[in-house]
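The structure appears below as structure tokens.
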Amino acid sequence: MGRVALVTGGSRGIGAAISVALKAAGYTVAANYAGNDEAAAAFTKDTGIQTYKWSVADYDACVAGAKTVEADHGPVEVLVNNAGITRDAMFHKMTPQMWKEVIDTNLSGLFNMTHPLWSGMRDRKFGRVINISSINGQKGQAGQANYSAAKSGDLGFTKALAQEGARAGITVNAICPGYIGTEMVRAIDEKVLAERIIPQIPVGRLGEPDEVARIVVFLASDDAGFITGSTISANGGQFVV
């Protein structure tokens, strides 16, 4: 049995690709999900990866969920904080609830999931925390003040925690995907994709979930032990830092 990896939001989209890629690389993978029981059951049937339901916005649920995963599989040594939601609106139409839901999941969710596992990683002198941020956390996006704020906060969290974990053998890194060809993105009107989105991407195409997943597999590996506090952009050149 390989090292245990826990992927939040790990049964759909980019998270599903990450879960599958980690399993193929020899990890024992647990995939968290928040609400879509049907999709989670289909994912487990197709991949053999066990899924676990809880909201990363709820700290107590994260503590309980982490304990369950570790009871089933052993200590979690790789954590991929991938779970995220959107509640888009121009700021003058954004409600406090829309703001809170996105911050609670996309930013506080990182604390809620990492905190219960951090002490164990420190004790074992090994850990990998990989946070999936976004291009819009780097450059901002109209209609996504909540999402951009949360994803930008993920980068600050990454940089600070990397400094704390370094002496304990824990690396903390972030990935900022651009437009990735998930089911959600491909559901966008073809004309909008062709005329407004893809022309902004210098490589001339959407990214693929597997391309993000391969970065995760590398960052989770022993070969990446000298990389920490880093932000890796996977956006086809759309935004260059």
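Readers should treat all values here as calculations from the given coordinates under stated rules, not as data from a laboratory. Note that the structure is a prediction, hence the values are computed from the model and not measured. As a convention, Cβ positions derive from the backbone with ideal geometry for all residues, glycine included, and neighbour counts pool all protein chains shown.
Some values worked out for this structure:
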| quantity | calculated |
| --- | --- |
| Footprinting exposure proxy for GLU77, GLU211 (fewest neighbouring C-beta atoms within 10 Å first) | GLU211, GLU77 |
| Placed amide H near VAL4: partners under 5 Å, 5+ positions off or other chain | THR28, GLU77, VAL78 |
| Computed P(r) (all Cα pairs; the stretch 46-125; 5 Å bins; percent) | 3, 14, 21, 21, 15, 11, 7, 5, 3, 0 |
| Extreme residue, positive dipole direction of the chain, given options VAL240, HIS73, ILE198 (C-beta unit charges) | VAL240 |
| Rel. contact order, % - alpha carbon contacts under 8 angstrom, at least six apart, the chain | 20 percent |
| For ARG205, net neighbour charge (Lys/Arg +1, Asp/Glu -1) across residues whose Cβ lies under 13 Å away | -1 |
| Proximal charge balance of LEU193 [Cβ under 13 Å; K/R count +1, D/E count -1] | +1 |
| Backbone N under 20 Å from the GLN200 label point (7 Å along Cα→Cβ), restricted to the stretch 73-90 | 84-90 |
| For the stretch 75-118: relative contact order, % (alpha-carbon pairs under 8 angstrom, 6 or more apart) | 48 percent |
| Assigned charges on the beta-carbon of Lys, Arg, Asp, Glu; the stretch 152-203 dipole about Cα centre (debye) | 180 debye |
| Test item: Cα-centred dipole of the chain, Lys/Arg +1 and Asp/Glu -1 on Cβ, debye | 420 debye |
| At least 18 Å along the helix axis (C-alpha) and Kyte average at least -1.0, DSSP helices within the chain | 59-73, 108-124, 145-165 |
| Charge dipole (the chain, unit charges on Cβ, about Cα centre) - positive-most of ALA61, SER11, ALA162 | ALA162 |
